[in-house]
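**Q** Before I ask anything, here is the structure I am working with.
The values are calculated or read from the model by the stated rules, or taken from the named source; none is laboratory data. These numbers were taken from a predicted model, which means no experiment stands behind them. Quick reminder, even Gly has a Cβ in these numbers, built from the backbone with ideal geometry, and neighbours come from all protein chains shown.
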Amino acid sequence: MNCINKFLLKWDSAFWDGEQYISYTPEIMDKFNVFVNVNKIHPGANALITFAYADYARKTEKMSDSQIIAEIMTHLRDIYGSKIPNPTSLLRTKWQSNENSFGANSYTAVSTKMQHFDDLAGEVNGKLCFAGEHTHKDYYSTVHGAYLSGLREADKIIGL
């Protein structure tokens, strides 16, 4: 199971430019290396979204909000200078420690075979069906893969 955590930070006003994506090369791989400008989608939101992946994502789940903000602001201050303000709020995910998910999405190993997706989507006694991004060969690890697999299984159920 892969782990990706998302962090939404909000400010009273935007200090960044109008680009949709802001890239950063951190000293630790998978640590807040891209920022998405929410203002491009929702003008006036004054928010950025960033991500943590894999081992670093798991580490963030044990960090306090203030520790997360400090880490993210180190990166943003490297980009925009030391005078930028701290965010007014932070929303975050903790997918690995969430008892309903225990991770974020499936992750294919080098040894993964396409048959494994069929195996996970297999039905039991022709009546118990399984959906989810992990059961879609083409769009595993995506929301639309989860959605499409739900449609696939709904069609099976309708046909019972």
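**Q** Looking at region 120-157 only, could you name the residues that are in a loop (DSSP other than H, G, I, E, B) and either assigned by TED's automatic domain parsing to the domain that holds TYR53 or in contact with a His (Cβ under 7 Å, 6 or more places away or on another chain) (or both)? I'd like the intermediate steps shown before the answer.
**A** Start the filter on region 120-157 by keeping residues that are in a loop (DSSP other than H, G, I, E, B), which leaves 122-123, 125-127, 129-132, 136-142.
Result: TYR140, single match.
**Q** How many of the residues making up region 83-104 are surrounded by 15 or more Cβ atoms within 10 Å (Cβ to Cβ) and more than 19 Å from the chain's Cα centre (by Cα)?
**A** Qualifying residue count for the region: 1.
**Q** Given the structure, is ILE49 surrounded by 12 or more Cβ atoms within 10 Å (Cβ to Cβ), within 27 Å of GLU99 (Cβ to Cβ), outside the structural domain of THR135 (by TED's automatic domain parsing) and touching a Ser or Thr at 6+ places or on another chain (Cβ under 8 Å)? First the steps, then the outcome.
**A** Details: surrounded by 12 or more Cβ atoms within 10 Å (Cβ to Cβ): yes; within 27 Å of GLU99 (Cβ to Cβ): yes; outside the structural domain of THR135 (by TED's automatic domain parsing): yes; touching a Ser or Thr at 6+ places or on another chain (Cβ under 8 Å): no.
No; evaluated as a whole, the condition is false for this residue.
**Q** For region 56-83, how many residues meet the condition of being touching a strand residue (DSSP E or B) at 6+ places or on another chain (Cβ under 6 Å), touching a residue at least 40 places away in the same chain (Cβ under 8 Å) and either part of a loop (DSSP other than H, G, I, E, B) or over 23 Å from GLU19 (Cβ atoms) (or both)?
**A** Residues meeting the conditions: 2.
**Q** What number goes with the only condition from (1) outside any loop (DSSP other than H, G, I, E, B); (2) without any contact (Cβ under 8 Å) to a residue 40 or more places away in the chain; (3) not acidic (Asp, Glu) that ASN86 does not pass?
**A** ASN86 satisfies every listed condition except (1).
**Q** From TYR80, TYR107, grab the single residue that is within 17 Å of the chain's Cα centre (by Cα) and not hydrophobic (A, V, I, L, M, F, W, C).
**A** Values: TYR80 fails: within 17 Å of the chain's Cα centre (by Cα).
TYR107 is the lone residue from the list that is within 17 Å of the chain's Cα centre (by Cα) and not hydrophobic (A, V, I, L, M, F, W, C).
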